[in-house]
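**Student:** Below is one structure. I have some questions about it.
The values are calculated or read from the model by the stated rules, or taken from the named source; none is laboratory data. On a predicted model such as this, the values are computed, not experimentally measured, just so you know. Neighbour counts run over all protein chains shown; Cβ positions are idealised from the backbone, glycine included.
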């Protein structure tokens, strides 16, 4: 796992581009502490930068940017290709020669052999820039699940890209702020793709590649892989068998590493399944867990129950309130794009680093695929409510209930309105009041972006799954997991989003996948034989901190709120504002 950056600018001296890219790499050093590399093509005014976190082929042979084909192809790559050994064998039979043991060289050889058709053959998480010296084209590519981030700016000056938005700080002509990002942050609690804090910078869509030709300046984007909900598996026993084998294979592939690796074990269903399956492959598997003194939030007893069934090194860390107060400024500073979440990932990654790990498996994806969130229970009623006249829906904004106030969002047609109703933070009147804007302006902005597809052809619960995967998970969980883990030089791997398992999960019929008396019943029935009953036969707790009390008592949060936000801090302290809403407002003024 690494960090990548680059600039192509015909109007900028090459030495100035090199200085800018080296500064980009310096800014992104936390995500690639093991090595740094620069590639320059002076004739094309192109510079590629790379910061390396070495996990496969730890030798100097894995240095990047890496060249292939007598220097024709050059890559700066961030990610892991889980099927690279199989692809390498195929490519060797086709006549390709290899000088390293890295998955990076396999990507180069695959592109040299198959061109852009190679991208759909990759099973992994990745974001890379691949330069073709012969055609004068550069390709930016992002994995189909959107696990790894890649941001770019295409302007009259040329093309620039980086793994994090903060990486663009060294490029003067890209500093204009996106005028509406505060509106999106307050409404969503994060910035939904394609919005970033910079006007010209946007994320590359997942499962897509961007091709930019240096000579013509032409650019095109095309999808190479898309995941679809096509309900083909209608037999419950067949579904269970496919889940068992599919996730076991996914976990096995995600354990491939030449560096120390482990599993985040929260004590919940998904992380417990991943930990047990990992232990079947590695008898000395490492697990990392957090727990708290406050029994309302601590899951230590469930962590202990799972660990009693396992062999290996089990690292548990008691997180105390004083640590939170000491670390909050660093946590806020580690954020790239502002988000009302991610603090838990920052801590678990910190402790993984302290115990010598470089990669850790996570249970992200289980809730989104198998119905673990409240949205799966609310979606049917929400779809009915969406048919209520807009005037009635908007009248809900004056309600004293936060949930009823969000009814107004259903007046936005389609997918955007549904998501904001289910998960929105502040309603337009509240956003307008904070930003000193008109409510009509806020409504217009929220209706403009993001432009989401019509998913009304899906069953109600598959619509909830689509929303959770493509909005909440994509824009918040995966982004937070990446940036907060890489702040400590830790790679998070996500077996639930492995390509084959993801496709299988999306094929299971809704009446099988989401039916049962327990939360995520189908997932429970697939793995309850290897889990303590107490883990799956209990209410969902989530991976949370005693945020409310800690934030109320935090001097940094209280002192930094500023004149405008003081009222919000008071409301939060009085229990009139959710902690995530306060954190959103705090970030508005302090990020």
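**Student:** Would you confirm, using the coordinates I've provided, whether residue 54 is out of contact with any strand residue (DSSP E or B) (no Cβ under 6 Å at 6 or more places or on another chain) and at pLDDT 95 or above?
**Tutor:** no
**Student:** Between residues in the stretch 197-224 that are modelled with pLDDT under 95 and residues that are part of a loop (DSSP other than H, G, I, E, B), which pairs lie under 7 Å by C-beta distance while being six or more apart or on different chains?
**Tutor:** 215/136
**Student:** Restricting the search to the stretch 169-196, which residues are farther than 30 Å from residue 136 by Cβ, part of a loop (DSSP other than H, G, I, E, B) and without any contact (Cβ under 8 Å) to a residue 60 or more places away in the chain?
**Tutor:** Result: 178, 179.
**Student:** Since residue 170 meets every condition but one in (1) farther than 27 Å from residue 123 by Cα; (2) surrounded by fewer than 23 Cβ atoms within 10 Å (Cβ to Cβ); (3) at pLDDT 95 or above; (4) touching a helix residue (DSSP H, G or I) at 6+ places or on another chain (Cβ under 6 Å), which condition does it not meet?
**Tutor:** (3)
**Student:** Here are the criteria: (1) touching a residue at least 40 places away in the same chain (Cβ under 8 Å); (2) over 27 Å from residue 141 (Cβ atoms); (3) touching a strand residue (DSSP E or B) at 6+ places or on another chain (Cβ under 9 Å). Tell me which single one residue 300 does not satisfy.
**Tutor:** Residue 300 satisfies all of (1) touching a residue at least 40 places away in the same chain (Cβ under 8 Å); (2) over 27 Å from residue 141 (Cβ atoms); (3) touching a strand residue (DSSP E or B) at 6+ places or on another chain (Cβ under 9 Å) except (1).
**Student:** For the stretch 473-483, does any single residue satisfy the condition of being buried (at least 22 other Cβ atoms within 10 Å of the Cβ), assigned to a loop (DSSP other than H, G, I, E, B) and in contact (Cβ under 8 Å) with a residue 40 or more places away in the chain?
**Tutor:** No.
**Student:** Still on this structure: Give me the residue from the stretch 330-356 that is out of contact with any helix residue (DSSP H, G or I) (no Cβ under 9 Å at 6 or more places or on another chain) and not in a helix (DSSP H, G or I) and, out of that set, nearest to residue 316 (Cα to Cα).
**Tutor:** 355
**Student:** I would also like to ask the following. Residues that are in contact (Cβ under 8 Å) with a residue 12 or more places away in the chain, within 22 Å of residue 112 (Cβ to Cβ) and not in a strand (DSSP E or B): does the stretch 5-19 have at least one?
**Tutor:** No, there is no match, as no residue in the stretch 5-19 is in contact (Cβ under 8 Å) with a residue 12 or more places away in the chain, within 22 Å of residue 112 (Cβ to Cβ) and not in a strand (DSSP E or B).
**Student:** For the structure I just gave you, tell me whether residue 516 is in contact with a strand residue (DSSP E or B) (Cβ under 7 Å, 6 or more places away or on another chain) and in a loop (DSSP other than H, G, I, E, B).
**Tutor:** Taking the combined requirement at face value, the residue does not satisfy it.
**Student:** Can you tell me which residue within the stretch 362-415, out of those that are more than 30 Å from residue 227 (Cα to Cα) and part of a loop (DSSP other than H, G, I, E, B), is modelled with the highest pLDDT?
**Tutor:** Restricting to residues being more than 30 Å from residue 227 (Cα to Cα) and part of a loop (DSSP other than H, G, I, E, B), the top hit is 388.
**Student:** Please go through (1) surrounded by fewer than 16 Cβ atoms within 10 Å (Cβ to Cβ); (2) touching a helix residue (DSSP H, G or I) at 6+ places or on another chain (Cβ under 6 Å) for residue 310 and return the number of the only condition it doesn't satisfy.
**Tutor:** Exception for residue 310: condition (1).
**Student:** Next up: For the stretch 577-591, give me the residue count where each residue is modelled with pLDDT of 85 or more and either out of contact with any helix residue (DSSP H, G or I) (no Cβ under 8 Å at 6 or more places or on another chain) or under 19 Å from residue 328 (Cα atoms) (or both).
**Tutor:** So the answer is 10.
**Student:** Run down 85, 75 and say which single residue is surrounded by fewer than 17 Cβ atoms within 10 Å (Cβ to Cβ) and closer than 26 Å to residue 207 by Cα.
**Tutor:** 85
**Student:** Is it the case that residue 537 is modelled with pLDDT of 85 or more, outside the structural domain of residue 293 (by TED's automatic domain parsing), over 18 Å from residue 246 (Cβ atoms) and surrounded by fewer than 18 Cβ atoms within 10 Å (Cβ to Cβ)?
**Tutor:** So residue 537 does not fit the description; no.
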